[in-house]
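Each remark here refers to the structure printed beneath this line.
The values are calculated or read from the model by the stated rules, or taken from the named source; none is laboratory data. Just so you know, these numbers come straight off a predicted model, no measurement behind them. Glycine also receives a Cβ, built like all others from the backbone with ideal geometry; neighbour counts cover every protein chain displayed.
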Amino acid sequence: MKITAMFSYSTLNKLITYIALLSFFACIVQFSHLSAKTAPESFADVIEVLSPSVVNITTTTVVKGRANDNLIVPRGSPLEKFFNQPDGDNRPNRRGTALGSGFIISDDGIVVTNNHVIENADQIKVEMFDGSVLSAEVIGSDPKTDIAILKIDSNERMPFVDFGDSNTLRVGDWVIAIGNPFGQGFSVSAGIVSARGRELNGRYDDYIQTDAAINRGNSGGPLFNTDGKVVGVNTAILSPNGLSIGIGYSMSSNVVSKVVSQLIEFGETQRGWLGVRIQDISEDIAESLGLEDVVGALVTSVPKGPAKDAGIRSGDVILGFDGMDVTDTRSLIRIVGSSEVGKVVVINLVRDGKNINVNVKLGRFEEAEANARRSRESQSIKVIGGLALSELNERVRAELEIDDSLRGVVILDVEPGSNAQKKGLLVGDIIVEVGQKLVETPKQFEEQLKVSKSKGRSAALLLVKRGEQELFVALPLE
């Protein structure tokens, strides 16, 4: 049977060309639509509305100085005895000045800024958009997220802005920074969201990275989305010279708004506390526990607290908390910290290959932290490089069942996200040597770290005793 073609080759070629042209023009239309959506012609209208709610902040602090403050005399110089006077000898105080930014969040003059802008300040002045200068006082601060709130001394109703939902931001979205860079006065810069969920140094970090220009003086100022909502507080930059190179960090509004609410209501933060020591899940650990995915937080120990009361055990893998997925230790810390104190939450975990739910009534982190601090002080515990270390005294040996013949210092806590945790050090590990030198006190441990650093080494070699096993760990030196 002979099959006859429905179209000639020339007709077929014309049809293919026609379809290709239609696809090409469709792409152009779609691209034009996207371009118009993501690249507005001007931000002028939204900035005109937002600017009156942004303030410049000037703080002054008494700085202890000395009579010859401007002279730098090399150590060992014959002139040193004339200029380097002992503390308290004719050193006049002087006033230091710092600049920053902030934004008003209520019509009664509540201002959000960075804690480092107003820390230790004895006088705070706020410059409004119209040029008027008013006094302000601190009503609460949180060094852990570098957030502080002020109250402007005025009876006038003030313009203010609202927080937006930073979780809706996508990489590539436009954002606007308004502030007081280098004390130049009100200044605007725009850019895009470069990355989400950045971590710097804090356990509750959730930074938005942006290429909008952020410089000294922008600290504490708002990062807006194109709807005019605050999605971040400009806090830090990554720069080799102190100037903007297009890598700026803003603490996300979903973190800031909760901190601000607590500071206004209580004058301090009230973070949830679960009471577990945890570590990330590696591929090897996931395989050994029979986990399908490398997710969750592995419980390494459970001290006295909410988790212990609820029956959570060492070796449990936490996969969910109050209906939210737990991807790693960092996510669990952030979720727990933002939870309400006293709330009963459902924790989903894997134990012995089985998925179970546990109800836990959360405690308060600040109280637990204060108790731990008092305990460390009473036991001569020292925190060094993310490690809480103690001597192997009689009390510690008895509590941890450590043989009298063993020498070293014991790890009582490991800070999440620290180099020590990343290197796999665990609570209960005993550090026997640092740099092949025996250490029996936290002070000796610290001194040997300094020795390693003085030799130009980037890491100190630790000999660690873990149960019946001995292993070497190269701890990075900060």
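Brief remarks on what is shown
- Within the stretch 350-381, the set of residues being charged (D, E, K, R) and at pLDDT below 75 comprises 376, 377.
- The residue of the stretch 418-440 that is nearest to residue 314 (Cα to Cα), among those that are under 31 Å from the mean Cα position of the chain (by Cα) and β-branched (Val, Ile, Thr), is 427.
- Helices (runs of 4 or more DSSP H) completely within the stretch 220-327 that count 3 or more residues being modelled with pLDDT of 95 or more and not aromatic (Phe, Trp, Tyr): 253-266, 306-310
- Scoring residue 342 on the criteria (1) modelled with pLDDT of 95 or more; (2) within 25 Å of residue 147 (Cα to Cα); (3) part of a helix (DSSP H, G or I) leaves a single failure, condition (3).
- Among the residues of the stretch 348-363, those that are closer than 28 Å to residue 292 by Cα, surrounded by 12 or more Cβ atoms within 10 Å (Cβ to Cβ) and in contact (Cβ under 8 Å) with a residue 60 or more places away in the chain comprise 350, 360.
- Look at the stretch 230-247: where a residue is farther than 14 Å from residue 208 by Cβ, no partner that is hydroxyl-bearing (Ser, Thr, Tyr) and at pLDDT 85 or above sits 6+ places away or on another chain with Cβ atoms under 6 Å.
- Count - residues of the stretch 278-313 that are farther than 25 Å from residue 342 by Cβ and out of contact with any helix residue (DSSP H, G or I) (no Cβ under 9 Å at 6 or more places or on another chain): 10
- Close pairs from the stretch 425-444: first at negative phi, partner among the aromatic types (Phe, Trp, Tyr), Cβ under 7 Å, at least 6 apart: 431/445; 434/445; 439/445
- Summed over the stretch 405-443, the residues that are closer than 18 Å to residue 470 by Cβ and of a type in the set (Asp, Glu) give a count of 3.
- Enumeration of residues in the stretch 143-152 that are surrounded by fewer than 22 Cβ atoms within 10 Å (Cβ to Cβ) and at pLDDT below 95: 143, 144
- Residues of the stretch 53-64 satisfying the condition of being more than 29 Å from the chain's Cα centre (by Cα) and either modelled with pLDDT of 90 or more or at positive phi (or both): none
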